[in-house]
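Asker: What follows is a structure written as structure tokens; I'll ask about it next.
Coordinate-derived values only; no laboratory data. The structure displayed is predicted, hence computed values, not measured ones. Using ideal geometry, Cβ is built from the backbone for each residue, glycine included, and neighbour counts are taken over all protein chains shown.
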Amino acid sequence: MQIPEQWFSEEWWKKEIEQSLRESLIPLAGTCNLECPACGTKSLCIEDYLYRHGLGDPIVISVSRCSRCGYKSVDVSVAEPHEPVRIIVVVVKPEDLDSLVVKNSKAAIIFPELGLEMWPGPASQGIVTTVEGILLRFREIVESLCKKQDVDKSECEKRKQMIDWALKRYDRRSDDERYVMILDDPEGASYVYGERVLITTLTENVNYLEVAQEAKETIRWVETNQKILGI
């Protein structure tokens, strides 16, 4: 099930950024008199803020506001963008759901085993959240879609059950219990801070289920060697 990107651009996470991070934001720069993409007037201001979260590279949060029509958007990126990147999170333990996700507006999110995808569009925006936060948002969207008359109700229920299963917090011992979140960023401005995170080169025409299986095998290999070494 592919979720429209604009469904991730609701006020709930914008307010979350403003309320929970405001005191930690360091102003960097501001530019005004820019053309607003909504009303076309030169009433848009963009303000950049630096957020130091203590887990790794700081995050730059860019907030755009139009004084004429009220248009507003938020984008996020790591302070020092890298090459195009594919970031893979393997969910094995409960704490993997708490991995901090910095998703740039140009990045896509895929859960291969769950059949969930979100691809960027013209109105894409960045978010700062967790793996659990992304899953919860997917569930809200699926529930909304399920209320429509022209959707496959059985497919909707299947997706909701799979998301609920993915949200369960327990040690996932077998590869069948484990699942993967993939974040593809052509600008290299996204990042995920967590224990079971793999970073690879971004490639095209990829089979995401194969990528997920390879990632789980890599984590399994690491676990086996840690046991051998007594780590």
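Asker: Kindly list the residues of region 111-131 that lie in the label zone of Glu35, defined by a backbone N under 19 Å from the point 7 Å along the Cα-to-C-beta vector.
Answerer: The answer is 122-124.
Asker: Tell me, what is the percent relative contact order of the chain, built from C-alpha pairs under 8 Å that lie six or more residues apart?
Answerer: After rounding, I find 24 percent.
Asker: I want to make sure I understand the PRE zone here: with the label point 7 angstrom from the Cα of Leu136 toward its beta carbon, which residues in region 154-193 have backbone N atoms less than 14 Å away?
Answerer: Answer for region 154-193: 164, 167-169.
Asker: Over all distinct alpha-carbon pairs, what is the Kirkwood Rh of region 148-225 in angstrom?
Answerer: Taking every pair of different Cα atoms in region 148-225, averaging 1/r and inverting gives 15.2 Å.
Asker: Further question on the same structure: Over the alpha-carbon set of the chain, work out the extent along each principal axis and list the three values in angstrom, largest first.
Answerer: 60, 49, 34
Asker: May I ask you to sort Val78, Val102 by Cβ crowding, counting other Cβ atoms within 10 Å and putting the fewest first?
Answerer: Val78, Val102
Asker: Okay, helix-only estimate at 222 nm for the chain: each DSSP H run of n ≥ 4 adds -39500 (n - 2.57), divide by all residues, round to 500 deg cm²/dmol; what do you get?
Answerer: Rounded to the nearest 500, the figure is -9000 deg cm²/dmol.
Asker: Quick check: residue separation of Trp165 and Lys93 times 0.36 nm, minus the Cα distance between them. What number comes out in nm?
Answerer: 24.6 nm
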